[in-house]
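In what follows, a single structure is set out as structure tokens and then discussed.
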Amino acid sequence: MATDEREIAHKTQEKFEFYVISLVFTLLALSIQTAKFGEFVIADSLELLGWLCLLISGIAGLWRLEYISIERLKKVQKDEFENKIFELRELQMKGVNEIFLLETNSNQAIPQRMESFRTALTVLGPVIEKLERSNFRKYKVHRYLFVASLACLLGSRSYGPLTQLARTVYGC
């Protein structure tokens with residue numbers, strides 16, 4: 001049951017990530033198509049800044065999606081190595097001293113085999129940490145620039161009407 005819930009959560013998260021990436025590029029395309037320049041320099045600057053933020057946000061999101069699968073693959077490899085160490089430990093407790101390796105077509109002592117998996121884990125650990133940090137940075141760039149782009153586009157599109165409203169109300 002927990003596996004099913006985990007799979008559902010994973011699929012929901014994937015769908016959400018693809019939806020947000022699609023939303024970013026859709027908003028970029030629509031904001032470019034509906035832009036009107038020339039009336040206010042501040043509004044024009046905010047519009048261009050909003051486009052830039054959307055573009056960088058979208059690229060960071062796509063880049064993150066590209067490396068999420070690599071990160072997950074490395075985590076699966078780590079789990080497999082840990083499981084193999086556990087299985088070898090069980091064999092060792094049952095009195096087995098050597099195992100046959102297909103890749104070398106020879107026997108190997110269980111402690112040596114366990115050590116090779118531990119070595120692989122020590123190499124894999126920093127790689128996973130680096131991928132996690134990198135993907136988290138990409139996520140932050142994607143997320144914060146998306147919000148910043150919305151603020152810039154909102155400011156750009158509302159600057160003219162707010163200026164007109166202020167002139168009407170305050171007679172400036």
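Can you name every residue in region 57-107 that is among the aromatic types (F, W, Y) and either within 20 Å of R118 (Cβ to Cβ) or within 11 Å of the chain's Cα centre (by Cα) (or both)?
Once the filter is applied, which keeps residues that are among the aromatic types (F, W, Y) and either within 20 Å of R118 (Cβ to Cβ) or within 11 Å of the chain's Cα centre (by Cα) (or both), region 57-107 yields W63, Y67, F81, F86.
Does region 28-36 include one or more residues that are of a type outside the set (V, I, T), touching a Gly at 6+ places or on another chain (Cβ under 8 Å) and loosely packed, with under 12 Cβ neighbours inside 10 Å?
Looking through region 28-36, none of the residues is of a type outside the set (V, I, T), touching a Gly at 6+ places or on another chain (Cβ under 8 Å) and loosely packed, with under 12 Cβ neighbours inside 10 Å.
Report, by residue number, each residue of region 1-44 that is free of Cβ contacts under 8 Å to residues at least 12 places away in the same chain and small (G, A, S).
A2, A9, S22, A29, G38
Checking E66 against (1) in contact (Cβ under 8 Å) with a residue 60 or more places away in the chain; (2) surrounded by fewer than 17 Cβ atoms within 10 Å (Cβ to Cβ); (3) among the acidic types (D, E), which test does it fail?
Here E66 clears every test but (1).
Is it true that Q77 is polar (S, T, N, Q), in contact with a helix residue (DSSP H, G or I) (Cβ under 9 Å, 6 or more places away or on another chain), more than 30 Å from T34 (Cα to Cα) and assigned to a helix (DSSP H, G or I)?
Yes.
Output the residues belonging to region 115-142 that are under 16 Å from Q77 (Cβ atoms), surrounded by 12 or more Cβ atoms within 10 Å (Cβ to Cβ) and among the hydrophobic types (A, V, I, L, M, F, W, C).
F117, A120, L121, L124, V127, I128, L131
When I99 is evaluated against the numbered criteria (1) assigned to a helix (DSSP H, G or I); (2) without any contact (Cβ under 8 Å) to a residue 24 or more places away in the chain; (3) of a type in the set (A, V, I, L, M, F, W, C); (4) farther than 30 Å from K36 by Cβ, which criterion, by number, is the only one it fails?
(1)
Which of the residues belonging to region 46-60 are in contact (Cβ under 8 Å) with a residue 24 or more places away in the chain and more than 11 Å from F146 (Cα to Cα)?
L46, E47, L49
Within region 71-114, how many residues turn out to be among the aliphatic types (A, V, I, L, M) and surrounded by 14 or more Cβ atoms within 10 Å (Cβ to Cβ)?
Number satisfying all stated conditions: 6.
Under the condition of being of a type in the set (A, V, I, L, M, F, W, C) and loosely packed, with under 15 Cβ neighbours inside 10 Å, which residue from region 151-172 is nearest to Q33 (Cα to Cα)?
Per the criteria, the residue is L154.
All of the numbers you see were taken from the coordinates with simple rules; none came from a lab. All figures in this text were calculated on a predicted structure; none of them were measured in a lab. As a convention, Cβ positions derive from the backbone with ideal geometry for all residues, glycine included, and neighbour counts pool all protein chains shown.
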